[in-house]
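The values are calculated or read from the model by the stated rules, or taken from the named source; none is laboratory data. Please read all numbers here as calculations on a predicted model, not as lab measurements. A quick note on method: Cβ atoms are made from the backbone with ideal geometry, for glycine too, and the neighbour counts reach across all protein chains shown.
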Amino acid sequence: MDDRDLLRYSRHILLEEIGIEGQQKLLDASALVVGCGGLGAAVLPYLAAAGVGRLIIADSDTVDETNLQRQTAFSEADLGSSKAEAMKGRLNAINSRTHITALNERLNEPRLHDLMQQCDIAIDCCDNFPTRRAINRASVATRTPLVSGAAARFEGQLAVYRPDLPDSPCYACLFDGDQADDGACAVFGVFAPLVGIIGTSQAVETLKILTGAGSSRCGVLNIYDALNNEWQQIEFARNPQCTVCGRPH
């Protein structure tokens, strides 16, 4: 960490829970973010601004008019562009010292497995259940911490999964079955600030895990109701019969 870093990240360094040691952990860290849409557009600028050293970002979509209602990292000038590439440009403008790898692709499970082996943490900002399930399986297989978010209508969800810790439940322990597939936002709509609330909460949990500040409760599904501005917490345990992380028998 040089003098420029000490100045730039001074507001983190002043925090006893982070300090120079915690900030250095961020500078040395690598994170995989799957999805550069509503949630990713809220998560990624904070990770780059906070000094996460390497960000691998993946999204196969392009920016369209309907995205601009809530995906505030994009502008009208980005219409028609790859979301991953447009986001890379945005993040480079925020912090030129963060190394950004932009993948204009929908990641399958083997690809996720390979990328997670290169990273300290994964952040699920995708918008479809097949990808969520694949992310979870790769997270469990590689023992990579996973911060998962979702948002539709006026409700958001946030959960932290820690397959690197003993007896920690995974996504499939909670959602083991068929859920509705792609297109939730297109079909049901989404309240614009909701993705910001859930996405920035994902950034909070990610930075806490990477720095060791505070604690991130796994085995808790946090549900946010934007209409009433209320959070609800639902605790859940590891399922011994889970098809992904259950113990062999």
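Here is a check on your reading of the model: is Asp124 touching a residue at least 60 places away in the same chain (Cβ under 8 Å), farther than 20 Å from Gly37 by Cα, touching a helix residue (DSSP H, G or I) at 6+ places or on another chain (Cβ under 7 Å) and among the acidic types (Asp, Glu)? Outline the logic, then answer.
Details: touching a residue at least 60 places away in the same chain (Cβ under 8 Å): yes; farther than 20 Å from Gly37 by Cα: no; touching a helix residue (DSSP H, G or I) at 6+ places or on another chain (Cβ under 7 Å): yes; among the acidic types (Asp, Glu): yes.
No: the conditions fail for Asp124.
Within the stretch 185-218, track down each residue that is closer than 29 Å to Asn239 by Cβ and at pLDDT below 95.
Of everything in the stretch 185-218, those that are closer than 29 Å to Asn239 by Cβ and at pLDDT below 95 turn out to be Phe188, Gly214, Ser215, Ser216, Arg217, Cys218.
Looking only at the stretch 87-104, filter to residues that are of a type in the set (Gly, Ala, Ser) and without any contact (Cβ under 8 Å) to a residue 24 or more places away in the chain; which one of those is farthest from Arg153 (Cα to Cα)?
Ser96
Going residue by residue through the stretch 146-159, is there one that turns out to be surrounded by fewer than 20 Cβ atoms within 10 Å (Cβ to Cβ) and within 20 Å of Cys245 (Cβ to Cβ)?
Looking for residues that are surrounded by fewer than 20 Cβ atoms within 10 Å (Cβ to Cβ) and within 20 Å of Cys245 (Cβ to Cβ), one finds at least one in the stretch 146-159, hence yes.
Spot the failing condition for Leu210; the list is (1) more than 30 Å from Leu27 (Cβ to Cβ); (2) surrounded by 17 or more Cβ atoms within 10 Å (Cβ to Cβ); (3) among the hydrophobic types (A, V, I, L, M, F, W, C), and only one is missed.
It fails just one condition, (1).
Among (1) out of contact with any strand residue (DSSP E or B) (no Cβ under 9 Å at 6 or more places or on another chain); (2) hydroxyl-bearing (Ser, Thr, Tyr); (3) over 20 Å from Thr72 (Cβ atoms), there is one condition Ser139 misses while meeting the rest; what is its number?
Exception for Ser139: condition (1).
Looking only at the stretch 54-71, which residues are closer than 27 Å to Ile209 by Cβ, surrounded by 18 or more Cβ atoms within 10 Å (Cβ to Cβ) and not acidic (Asp, Glu)?
Selection gives Leu55, Ile56, Ile57, Ala58, Arg70, Gln71.
Could you tell me which numbered condition Gly219 fails, if it satisfies all but one of (1) in contact with a helix residue (DSSP H, G or I) (Cβ under 9 Å, 6 or more places away or on another chain); (2) touching a residue at least 60 places away in the same chain (Cβ under 8 Å); (3) not charged (D, E, K, R)?
Result: Gly219 passes all but (2).
Out of all the residues in the stretch 40-80, which are part of a helix (DSSP H, G or I) and among the β-branched types (Val, Ile, Thr)?
If the condition is that a residue be part of a helix (DSSP H, G or I) and among the β-branched types (Val, Ile, Thr), then Val43, Thr66 are the ones that fit.
Which ones in the stretch 83-104 are touching a strand residue (DSSP E or B) at 6+ places or on another chain (Cβ under 6 Å) and over 14 Å from Ala49 (Cα atoms)?
Residues satisfying the conditions are Ala84, Glu85, Thr101, Ala102, Leu103, Asn104.
Could you say whether any residue in the stretch 130-142 is more than 20 Å from Pro169 (Cα to Cα) and surrounded by fewer than 21 Cβ atoms within 10 Å (Cβ to Cβ)?
The answer is no, given that none of the residues of the stretch 130-142 is more than 20 Å from Pro169 (Cα to Cα) and surrounded by fewer than 21 Cβ atoms within 10 Å (Cβ to Cβ).
Name the pairs whose Cβ atoms lie under 8 Å apart, with the first residue in the stretch 59-76 and of a type in the set (Phe, Trp, Tyr), the second modelled with pLDDT of 95 or more and assigned to a loop (DSSP other than H, G, I, E, B), and 6 or more positions between them or separate chains?
Pairs that qualify, where the first residue is of a type in the set (Phe, Trp, Tyr) and the partner is modelled with pLDDT of 95 or more and assigned to a loop (DSSP other than H, G, I, E, B), are Phe74/Val63.
Within the stretch 1-47, can you find the residues that are within 12 Å of the chain's Cα centre (by Cα), over 18 Å from Val204 (Cβ atoms) and among the small types (Gly, Ala, Ser)?
Across the stretch 1-47, the qualifying residue is only Gly37.
Of all residues in the stretch 19-47, which are hydrophobic (A, V, I, L, M, F, W, C) and surrounded by fewer than 23 Cβ atoms within 10 Å (Cβ to Cβ)?
Passing the criteria: Ile20, Leu26, Leu27, Ala29.
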